[in-house]
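The values are calculated or read from the model by the stated rules, or taken from the named source; none is laboratory data. This is a predicted model, so every value here is computed, not measured. Heads up, the Cβs are rebuilt from the backbone with ideal geometry, glycines too, and the neighbour counts pull from every protein chain shown.
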Amino acid sequence: MSEKYSEKSGGEAMEWKITDDRPIWMQLSEQLAAQIAAGAYRPGERLPSVRECAAQAGVNPNTMQRAMADLESQGLVITNRTAGRCVTQDMERIKKLRSGQAREQAVRFLEQMGTLGYTKEEIRQVLEEALESMTEEGKL
């Protein structure tokens, strides 16, 4: 797995994680979608150019172009000839993306807990303890 860091428009670093198990364009698309869902790119905000993103991620511009085209086909990104690519302003689409990603994470967690032999009640207990701990630490 390779990790690259790039500067997002606000100056904070965006981490690109690329593995060998799936097509790179798909991983890039998923990571950009996750950034949109998390609010790192706000509705209507202009995204960096394909060349900029490709250079930051250390990939071929054609690969990044395919990732951006995938985001566009999902309706998450809109292309404007004069302004470049911008995040959709369709808040329902972004909310749906966000809730879908949260559900995927929850399912993965529950599958792993099931593999470890946890019961529903034990899972609830672990979650409550973790939630309380993270709240006390100011992480939530």
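What tally of residues in the stretch 34-84 results from selecting those that are among the charged types (D, E, K, R) and under 17 Å from the mean Cα position of the chain (by Cα)? Can you show your working first?
Narrowing the stretch 34-84 to residues among the charged types (D, E, K, R): 42, 45-46, 51-52, 66, 70, 72, 81.
Now restrict to residues that are under 17 Å from the mean Cα position of the chain (by Cα): 42, 45-46, 66, 70, 72.
Total satisfying the criteria: 6.
The rows are residues; the columns are (1) touching a Lys or Arg at 6+ places or on another chain (Cβ under 7 Å); (2) touching a residue at least 12 places away in the same chain (Cβ under 8 Å); (3) among the β-branched types (Val, Ile, Thr).
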| residue | (1), (2), (3) |
| --- | --- |
| Ala40 | yes, yes, no |
| Val59 | no, yes, yes |
| Met64 | no, yes, no |
| Thr88 | no, yes, yes |
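Would you mention how many residues in the stretch 123-140 are of a type outside the set (A, V, I, L, M, F, W, C) and part of a loop (DSSP other than H, G, I, E, B)? Explain how you work it out, then say what you get.
Filtering the stretch 123-140 for residues of a type outside the set (A, V, I, L, M, F, W, C) gives 124-125, 128-129, 132-133, 135-139.
Right, trim to part of a loop (DSSP other than H, G, I, E, B) and you get 137-139.
Here the count works out to 3.
Got at least one residue in the stretch 120-129 being surrounded by 12 or more Cβ atoms within 10 Å (Cβ to Cβ) and within 25 Å of Leu28 (Cβ to Cβ)? Steps first, please.
Here is the first cut: in the stretch 120-129, the residues surrounded by 12 or more Cβ atoms within 10 Å (Cβ to Cβ) are 122-123, 125-127.
Next, from what is left, pick out any that are within 25 Å of Leu28 (Cβ to Cβ): none.
Checked against the condition, which is being surrounded by 12 or more Cβ atoms within 10 Å (Cβ to Cβ) and within 25 Å of Leu28 (Cβ to Cβ), the stretch 120-129 yields no hits at all.
Which pairs turn up if I take residues in the stretch 19-35 that are more than 17 Å from Thr88 (Cβ to Cβ) and look for partners that are among the small types (Gly, Ala, Ser) with beta carbon separation below 6 Å, at least 6 apart in sequence or on another chain?
Short answer, once both residue conditions are applied: Trp25/Ala67; Leu28/Ala67.
Given the condition in contact with a helix residue (DSSP H, G or I) (Cβ under 8 Å, 6 or more places away or on another chain), crowded, with 16+ Cβ neighbours inside 10 Å and outside the structural domain of Met14 (by TED's automatic domain parsing), answer yes or no: does some residue in the stretch 103-113 qualify? Steps first, answer last, please.
Step one: filter the stretch 103-113 for residues in contact with a helix residue (DSSP H, G or I) (Cβ under 8 Å, 6 or more places away or on another chain), giving 110, 113.
Okay, now just the ones that are also crowded, with 16+ Cβ neighbours inside 10 Å, so 113.
Checking the rest, the ones that are also outside the structural domain of Met14 (by TED's automatic domain parsing) come to 113.
Scanning the stretch 103-113 turns up at least one residue that is in contact with a helix residue (DSSP H, G or I) (Cβ under 8 Å, 6 or more places away or on another chain), crowded, with 16+ Cβ neighbours inside 10 Å and outside the structural domain of Met14 (by TED's automatic domain parsing).
Out of all the residues in the stretch 67-79, which are surrounded by fewer than 18 Cβ atoms within 10 Å (Cβ to Cβ) and either in a strand (DSSP E or B) or out of contact with any strand residue (DSSP E or B) (no Cβ under 8 Å at 6 or more places or on another chain) (or both)?
So the first thing to find is which residues in the stretch 67-79 are surrounded by fewer than 18 Cβ atoms within 10 Å (Cβ to Cβ), and the list is 69, 72-75, 78-79.
Correct list: Ala69, Ser73, Gln74, Gly75, Ile78, Thr79.
Does Ala40 satisfy the criteria of being in a helix (DSSP H, G or I) and more than 10 Å from Thr88 (Cα to Cα)?
So Ala40 does not fit the description; no.
Return the residue satisfying two criteria in turn: it lies in the stretch 80-122 and is assigned to a strand (DSSP E or B) and at pLDDT 95 or above, and of such residues it is nearest to Ile36 (Cα to Cα).
Initial filter on the stretch 80-122 (assigned to a strand (DSSP E or B)): 80, 84-87.
Filter again for at pLDDT 95 or above, leaving 85-87.
Numbers: Arg85: 13, Cys86: 11, Val87: 7 Å.
Looking at the filtered set, the residue picked out is Val87.
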